[in-house]
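The values are calculated or read from the model by the stated rules, or taken from the named source; none is laboratory data. What you are looking at is a predicted structure, and each value in this text was computed from that prediction instead of being measured. For neighbour counting, all protein chains shown are included, and Cβ atoms are generated from backbone atoms with ideal geometry for every residue, glycine included.
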Amino acid sequence: MEHQVRCAVLGLGRLGYYHAKNLVTSVPGAKLVSVGDPLKGRAEQVAREFGIEEWSEDPYELLEDPGIDAVIIVTPTSTHGDMIIKAAENGKQIFVEKPLTLSLEESKAVSEKVKETGVICQVGFMRRFDPAYADAKRRIDAGEIGKPIYYKGFTRDQGAPPAEFIKHSGGIFIDCSIHDYDIARYLLGAEITSVSGHGRILNNPFMEQYGDVDQALTYIEFDSGAAGDVEASRTSPYGHDIRAEVIGTEGSIFIGTLRNQHVTILSAKGSSYDIIPDFQTRFHEAYCLELQHFAECVRNGTTPIVTDVDATINLEVGIAATNSYRSGRPVQLDVSRAHTSL
Ligand SMILES: NC(=O)c1ccc[n+]([C@@H]2O[C@H](COP(=O)([O-])OP(=O)(O)OC[C@H]3O[C@@H](n4cnc5c(N)ncnc54)[C@H](O)[C@@H]3O)[C@@H](O)[C@H]2O)c1
């Protein structure tokens, strides 16, 4: 493809607005040509802000628009499956946020459609593009810590998302810990064979009506013999706290930091520094790099480093962790599938 990839962003909420902005400012291979959101006035407002002439309050209309090469789907997770299938049937190249869908059946149907139509389907596991995680991956692959044998990761959100989001999110293991399952598989180059999920509501009683928890732990085992643990929390009032550690036979790698700037304030009261406030700040570079990668894959006809195939495996792990939490028993996973991007 010689021209810039003509993109439409569907869903302009917490993250969709941000993806639209990044497309305009930081992705030279792509051009934002349209935006869609059913919330009255939202699409028009965003279109005006970014100087775009086209918008729609019916995102499905955009899936059929011949002037659009690619769609960036950032709508509630429960709508992803249907949208991907319609986008693929219309020959649109697809970037979709994680998780791919909420059920494995739908994930598999989506993957079949993507394969049948030959379109690209990149999924928003942006940690693979974050400079710190990417550097850790290069160092692990170069043998700097020997054989990786333990993954420890946590995702602590500043606070709980609104009830309307929780309702469509699939629960904390599928919505939140899924980022750690993906990056753990990627960093260790191994598939997860067993999960044991645990969780409790510590601070957000409203989650009970959605069968969700605000604090979770998953103990995981890999086919390489490695193990790990993944914590997720919706109570991190100090900021967005994402860190990980990979322990190897010859050393260890720490990934992430709380610091937002390389500045420390010293006064008679002591010292302090700013903490990363939100996911948009923590992963700004990763969000730009994943969209740049997507645009390049569309232009060159190459396969992205993270697709619906990995997303389906990550979802399977998230569902198993949820089932394990509910049943109180570990759940085994079938890893006979071919290793994908690992
Ligand atoms: N990769 C990440 O770090 C990350 C972070 C946040 C959210 N997400 C994912 O992004 C997706 C959106 O999350 P969010 O936090 O931006 O949600 P949100 O609720 O803030 O925004 C969703 C937007 O989609 C619109 N919408 C609702 N139904 C729609 C439909 N049928 N078609 C089109 N638009 C519709 C809503 O009006 C809203 O503006 C979710 O799948 C979520 O899991 C990923």
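With respect to the conditions (1) in contact with a Ser or Thr (Cβ under 6 Å, 6 or more places away or on another chain); (2) in contact (Cβ under 8 Å) with a residue 60 or more places away in the chain; (3) not polar (S, T, N, Q), E54 falls short on a single one, namely (2).
Here is a yes/no grid of residues against (1) in contact (Cβ under 8 Å) with a residue 24 or more places away in the chain; (2) more than 17 Å from F95 (Cβ to Cβ):
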| residue | (1), (2) |
| --- | --- |
| L266 | no, yes |
| G270 | no, yes |
| Y273 | no, yes |
| F283 | yes, no |
| C288 | yes, no |
| H293 | yes, no |
| E296 | yes, no |
| T302 | no, no |
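Of the candidates T257, T312, the single residue that is β-branched (V, I, T) and more than 23 Å from Q158 (Cβ to Cβ) is T312. State whether the residues of segment 27-41 include one that is of a type in the set (V, I, T) and either on the phi > 0 side of the Ramachandran plot or within 12 Å of the ligand (Cβ to nearest atom) (or both). For segment 27-41, residues of a type in the set (V, I, T) and either on the phi > 0 side of the Ramachandran plot or within 12 Å of the ligand (Cβ to nearest atom) (or both): present. Within segment 90-120, the set of residues being of a type outside the set (F, W, Y), under 25 Å from K167 (Cβ atoms) and surrounded by 24 or more Cβ atoms within 10 Å (Cβ to Cβ) comprises I94, V96, P99, L100, T101, S107, V110. For G159, indicate whether it is crowded, with 24+ Cβ neighbours inside 10 Å and within 15 Å of the ligand (Cβ to nearest atom). Criteria not met by G159.
Within segment 109-130, how many residues are part of a helix (DSSP H, G or I) and either within 16 Å of the ligand (Cβ to nearest atom) or in contact with a Lys or Arg (Cβ under 8 Å, 6 or more places away or on another chain) (or both)?
Initially, segment 109-130 is screened for residues part of a helix (DSSP H, G or I), giving 109-117, 126-129.
Going one step further and asking which of them are either within 16 Å of the ligand (Cβ to nearest atom) or in contact with a Lys or Arg (Cβ under 8 Å, 6 or more places away or on another chain) (or both), we end up with 110, 126-129.
Going through segment 109-130 one residue at a time, the tally reaches 5.
The residues of segment 216-232 that are surrounded by fewer than 21 Cβ atoms within 10 Å (Cβ to Cβ) and either in a strand (DSSP E or B) or among the charged types (D, E, K, R) (or both), listed by number, are L217, Y219, E221, D223, A227, D229, E231.
Apart from one condition, A190 fits all of (1) more than 16 Å from the ligand (Cβ to nearest atom); (2) exposed (fewer than 13 other Cβ atoms within 10 Å of the Cβ); the exception is (2). Of the residues making up segment 82-91, one or more are within 11 Å of the ligand (Cβ to nearest atom) and in contact with a strand residue (DSSP E or B) (Cβ under 9 Å, 6 or more places away or on another chain). Within the option set V309, V246, being closer than 18 Å to I120 by Cβ, away from the ligand (no atom under 16 Å from the Cβ) and surrounded by 13 or more Cβ atoms within 10 Å (Cβ to Cβ) holds for one residue only, V309. Could you please let me know if K21 is in contact (Cβ under 8 Å) with a residue 40 or more places away in the chain and surrounded by fewer than 20 Cβ atoms within 10 Å (Cβ to Cβ)? No; evaluated as a whole, the condition is false for this residue. Are any residues in segment 46-59 surrounded by 15 or more Cβ atoms within 10 Å (Cβ to Cβ) and either within 26 Å of the chain's Cα centre (by Cα) or not assigned by TED's automatic domain parsing to the domain that holds I84 (or both), and if so, which ones? Result: V46, A47, F50, W55, S56, P59. Which of the residues spanning segment 63-75 are farther than 18 Å from S26 by Cα and more than 9 Å from the ligand (Cβ to nearest atom)? L63, E64, D65, P66, G67, I68, D69 - these are the residues of segment 63-75 that are farther than 18 Å from S26 by Cα and more than 9 Å from the ligand (Cβ to nearest atom).
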